[in-house]
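Everything on this sheet refers to the single structure shown next.
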Amino acid sequence: MTDSAISNSQPDLLPEGLEDRLPREAAAATRVMRAVHQVMHGHGYDRVLPPMVEFDETLGARMAGIRSRRMLILRGDHTPQIGRIAASRLAAAARPLRLCYAGQVMLIKGDGLDPAREKLQCGAEVIGSDSVAAASEIVAMAIEALTAAGATGVSVDFTLPDLVDILAAQALPLPADAIEGVRRELDTKDAGGLVDAGGAAYVPLLYATGDFDSAIERLAQFDSHGVLAGRIAALREIAARLGGRARLTLDPSERHGFEYQSWFGFTVYAQGVRGILGRGGTYRIAGPNGGGEAATGFSLFPDALIDLLADAEPVEDRVFLPLGHDGDAAARLRGDGWRTVAALTEADSAVALGCSHVLTGAGLATV
């Protein structure tokens, strides 16, 4: 069936992976995004509003590890846009530069578990630092933001995105053409495939996973050459600085979703929420002649949390304003935080319009 035939036979059909959010879901989304932004704002992060459409070449030039093509694109991620802003319009601003954002992103297609192609994304970036202090601040703020938004049972999974590069260059050498295969088999957690790919020495990494305290000990035991000592110490310090705010786990070889992260990455989950709620870590904003800046940040995708919270979204009281009502009294009610719904015809009623109260000459009356 052609697109025109579909539009004629089903005029209300939306493109695959897109959906409306009706009043209750939209109210939950607004509340979640407001709570997240208030946390970021409270920690000194200034919000920026990049455009929905940019030149792909412009964004690709600003993010190390992202290949660009000459085309106009809908954004699929705010992070490259923050990199562009930091490296151009705010190049002279004091560092570390703290920026935050919120808005829609568009994906070419969803995946098997999540077919959505339009997503809410909100997050924060510290430009000019990828230190342990910056990483600790970013992880702690992601946890705080999700908790403020209504998430419970938050857990954070740490990873070391450049782990294979570090080991292959020093302690456990690999041929250049074997590195990608070893990364892939570590990602899939396939011990047999890892051996076949030439990474037999990397198999113990598959078992340095799970609860943070025990997994970091297994990783330290694996690092007999000491090449990971600095990163292990950094992970321990980040965990200590979080002070039990969330359950912590470790999967040091996890690579999928961290392709442009550098030494540290993390994934955020919450109880009852399907899938990943967010990711973050350290990365580098590309610059001319091999320059650029280190950065640390996180991106949250709260749609699944919004879906979970929407059913419990409270129904707000509303005041019905009959024809000929006192406009000044109605304005005072709105000033006090009430929502008002004005009658447009004699046929309108408080019950039909879902109002809990009516404005009368004597004041408010309950429906």
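For the Cα trace of the stretch 262-320, dividing Rg by the Kirkwood Rh returns an Rg/Rh value of 1.29. Given a 1.4 angstrom probe, I'd like the percentage of the accessible area of the chain that is carbon and sulfur, rounded to a whole number. C and S fraction of accessible area: 54 percent.
Per residue, the chain exposes 51 Å² of accessible surface when a 1.4 Å probe is rolled over the protein heavy atoms with every protein chain present. Here's how it looks for residue 341: its modeled amide H is under 5 Å from those of 319, 320, 321, which are all 5 or more places away or on a different chain. Computing FRET efficiency as 1/(1 + (r/R0)^6) for residue 229 and residue 55, where r is the C-beta to C-beta distance and R0 is 45 Å, gives about 0.60. For the stretch 102-177, what class follows from the C-alpha gyration tensor (a ≥ b ≥ c being the square roots of its eigenvalues): rounded when a/c is under 1.5, otherwise prolate if a/b is larger than b/c, else oblate? Verdict is oblate for the stretch 102-177. The rule of thumb for compact globular proteins, 2.2 N^0.38 Å, goes into the C-alpha radius of gyration of the stretch 290-367 1.85 times. Backbone phi angles across the stretch 199-213, fed through the Karplus curve with coefficients 6.51, -1.76 and 1.60 (θ = phi - 60°), yield HN-Hα couplings of x, 4, 5, 8, 4, x, 5, 5, 9, 8, 10, x, 3, 4, 4 Hz in residue order; Gly and Pro are listed as x. The listed peptides 262-275, 41-54, ordered by packing as a protection proxy, come out as 262-275, 41-54 (highest mean of other Cβ atoms within 10 Å first). Taken over the stretch 141-205, the alpha-carbon convex hull comes to 112 cubic angstrom per residue. Can you give the helix-only mean residue ellipticity at 222 nm for the chain, where every DSSP H stretch with n ≥ 4 adds -39500 (n - 2.57) and the sum goes over all residues, rounded to the nearest 500 deg cm²/dmol? Result for the chain, helices only: -10000 deg cm²/dmol.
Can you tell me how much longer the chain between residue 365 and residue 94 gets when fully stretched, taken as 0.36 nm per residue apart minus their C-alpha distance, in nm with one decimal? Intermediate results must be reported in sequence, preceding the final value.
Values: separation 271, 0.36 × 271 = 97.56 nm, distance 5.58 nm.
Computed gain between residue 365 and residue 94 is 92.0 nm.
Distance distribution P(r), the chain, all Cα-Cα pairs, bin width 10 angstrom from 0: 5, 19, 25, 23, 14, 8, 4, 2, 0 percent. Taking a ≥ b ≥ c as the square roots of the eigenvalues of the Cα gyration tensor, an a/c ratio below 1.5 marks the stretch 27-169 as rounded. For the stretch 309-367, a simple Cβ point-charge model (Lys and Arg +1, Asp and Glu -1, everything else neutral) yields a dipole of about 120 debye relative to the Cα centre.
Taking N as the number of residues in the stretch 209-367, what is its alpha-carbon radius of gyration divided by 2.2 N^0.38 Å?
Relative to the rule-of-thumb radius for its length, the stretch 209-367 sits at 1.83.
Sorting the segments 325-338, 184-197 by their mean number of nearby beta carbons within 10 angstrom, highest to lowest, gives 184-197, 325-338.
The values are calculated or read from the model by the stated rules, or taken from the named source; none is laboratory data. Remember, predicted model here, so these are calculated numbers, not experimental data. As a convention, Cβ positions derive from the backbone with ideal geometry for all residues, glycine included, and neighbour counts pool all protein chains shown. These area figures cover heavy atoms from the full protein model, side chains too; ligands, DNA and RNA do not enter into them. Shrake-Rupley method; radii C 1.70, N 1.55, O 1.52, S 1.80 Å.
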